[in-house]
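Participant: First the structure, which I've put down as structure tokens, then a few questions once you've had a look.
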Amino acid sequence: MPRKYPINIREFERQRGGLQIIYFLYHNKEGIISDFIYELKIPTNSIMRAINILKKFGLIEEHGVPGSNRRVFNLTEKGKKIGKILNEMEEILASPNLFTFSRNDEKKEEKNE
């Protein structure tokens, strides 16, 4: 029987932009809502829902800028761990050898069939 996804993963996955925001913050250390809208090309309403979910899971924190209504976001320690995993995934996916097999691998697969 296949394993069911935990509710947290399912809820997190449904919200567009969450992983992109984490990845952005991992590389830029902090960001504001307009960064997410213009850099990630995600609609404002999706950004706001993603921010709420990320805060709910304790992945980002928010602080204000004195004398401004600007909200600045950065990753928590938990968020940095997820950001590191996303960065590693990006490196794997960008690897040109991801789906390259040697003739020895093909021979091993034929023996196993």
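Participant: Using the Karplus equation 6.51 cos²θ - 1.76 cosθ + 1.60 (θ = phi - 60°), what ³J(HN,Hα) coupling, rounded to whole Hz, does each residue of segment 48-61 give in order, writing x for Gly and Pro?
Facilitator: Per-residue couplings from phi come out as 5, 5, 5, 4, 4, 5, 4, 5, 4, 7, x, 9, 10, 10 Hz.
Participant: Modelled label-to-label distance, Met89 and Lys41, 7 Å Cα→beta-carbon offset: nm?
Facilitator: Label at Met89, label at Lys41, 1.9 nm between them.
Participant: Could you give the length gained on full extension between Glu13 and Glu30, defined as 0.36 nm per residue of separation minus the Cα-Cα distance, in nm?
Facilitator: Value of the extension gain: 3.9 nm.
Participant: Now for a different question. What residues have an amide H closer than 5 Å to that of Thr76, excluding those fewer than 5 places away on the same chain, when H is modeled at 1.01 Å from N in the peptide plane?
Facilitator: Ile60, Glu61
Participant: Packing-wise, with mean Cβ within 10 Å as the measure, how do 83-91, 70-78, 53-61 rank, highest first?
Facilitator: Per-residue Cβ counts within 10 Å, averaged per peptide and sorted highest first, yield 53-61, 70-78, 83-91.
Just so you know, all these numbers are worked out from the coordinates, no wet-lab data involved. What you see is a predicted model; the values in this text were computed from it and never measured. Cβ: placed from backbone, ideal geometry, glycine included. Neighbour counts: every protein chain shown.
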